[in-house]
Amino acid sequence: MPFAAVTNVKLEGRDPVEGRKFLSEVLIPWLKTLPGFQTARFLRTQDGTTGVGAVIFDTESNARAALDADRPAGGPPIESTAIYEVVLEV
């Protein structure tokens, strides 16, 4: 059963174009190197103040290790993190 490492970030005051550039050029290539990485989704509120990243890993231990890993510099401030069990994918 896969698990999601979910991160909530503060985006207020950050340029959305620069944010997408950070995701595509820095964060996503780094995530793809982590053990058990499967897929990821990045979401932003319509007012652009909050973001959520849900990164799916093959096991709970790999998801936890990803949250504990040193994240690349330059990302938005993290507000919270959590591990979720993926109960259904469509």
*asked:* About the Cα centre, and with charges only on the beta carbon of Lys, Arg (+1) and Asp, Glu (-1), how big is the dipole of segment 32-80? Nearest 20 debye, please.
replied: 160 debye
_I need to check one value: relative contact order of segment 3-85, counting alpha carbon pairs closer than 8 Å and at least 6 residues apart, in percent._
52 percent
*Give a residue-ordered list of calculated ³J(HN,Hα) values for segment 80-90 (Karplus: 6.51 cos²θ - 1.76 cosθ + 1.60, θ = phi - 60°; whole Hz; x for Gly, Pro).*
6, 9, 7, 10, 10, 7, 7, 9, 6, 10, 10
*For the chain, modelled as a GNM with alpha-carbon contacts under 10 angstrom, which of VAL52, VAL17, VAL26 fluctuates the most?*
VAL17
*Alpha carbon convex hull of the chain, projected area averaged over orientations, nm²*: 5.8 nm²
*Residue farthest toward the positive end of the dipole of the chain, with Cβ of Lys/Arg at +1 and Asp/Glu at -1: which of ALA63, ILE28, VAL87?*
ILE28
*Only loop residues by DSSP count here, and only those with at most 12 other Cβ atoms within 10 Å; note down the trypsin sites (Lys or Arg not before Pro) in segment 1-72 that meet that.*
LYS32
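None of the figures in this text is laboratory data; all of them are computed from the coordinates on show. Not measured: the values here are computed from a predicted model. Neighbour counts run over all protein chains shown; Cβ positions are idealised from the backbone, glycine included.
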